[in-house]
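Participant: Quick one: the structure is below, and I'll ask about it shortly.
Bear in mind that the values in this text are calculations on the coordinates, not laboratory data. Keep in mind it's a predicted model, so treat the numbers as computed, not measured. In this analysis, Cβ positions are derived from the backbone assuming ideal geometry, glycine residues included, and neighbour counts consider all displayed protein chains.
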Amino acid sequence: MQDRDGDPRAAGRRSAACPTGVDRIFGNPLTPGPLPKGEWNVEHDAPYMEGPALSDEKSHLLAERLVATVRETTGGCRQRGVPYATYAAFYSGLGIPTVVFGPGAIEQAHTADEWIALDQLEQASEVFYRFLKSWRPL
């Protein structure tokens with residue numbers, strides 16, 4: 001597959017319309033003016049991060065302790081895998097016990113209007129406090 005200019009690097013990419021707000025990167029965003037009319041070819045970098053899955057092979061004891069603390073603090077907890085990458089897998093790959101935990105919803109994370117409800121932040125802070133207060137080597 002090639003793009004309309006014959007570039008074979010387009011293989012596997014889907015084309016999409018680019019919102020006009022993004023086109024403002026061609027000028028000074030502080031002094032927006034009329035945008036040139038016409039079609040634009042937009043190239044983008046590969047995904048910011050690609051990585052291995054986070055294995056619980058060396059992290060299961062840490063995860064079990066965190067799950068227990070969350071259950072004690074909140075009354076419930078669901079341990080699960082997720083369909084996104086984090087640096088945690090690289091730490092785990094070095095043999096460092098690693099878990100991913102935090103307040104909020106991934107659907108809101110790393111978006112232009114990212115936010116976390118204060119009650120979720122307070123609850124996560126309490127979990128971290130209790131978890132660290134009861135820490136003992138694995």
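Participant: Mind ranking 111-119, 58-66, 81-89, 125-133 by how tightly packed they are, going by the mean number of other C-beta atoms within 10 angstrom, highest first?
Facilitator: 58-66, 125-133, 81-89, 111-119
Participant: Let me ask something additional. How large are Rg and Dmax for the range 60-133 when only the alpha carbon atoms are used, in Å?
Facilitator: 13.3, 36
Participant: Run the simple label-point estimate for Asp119 and Glu64 please: 7 Å along Cα→C-beta, distance reported in nm.
Facilitator: Roughly 3.3 nm, to one decimal.
Participant: Multiply the residue gap between Thr86 and Thr74 by 0.36 nm, knock off their C-alpha separation, and tell me the result in nm, one decimal place.
Facilitator: 1.8 nm
Participant: In what sequence do Val70, Val100 fall when counting other Cβ within 10 Å, fewest first?
Facilitator: Lowest to highest Cβ neighbour count: Val100, Val70.
Participant: What percentages make up the Cα-Cα pair-distance distribution of the range 36-95 when the bins are 5 Å wide from 0?
Facilitator: 4, 14, 16, 16, 14, 10, 7, 5, 5, 4, 5, 2
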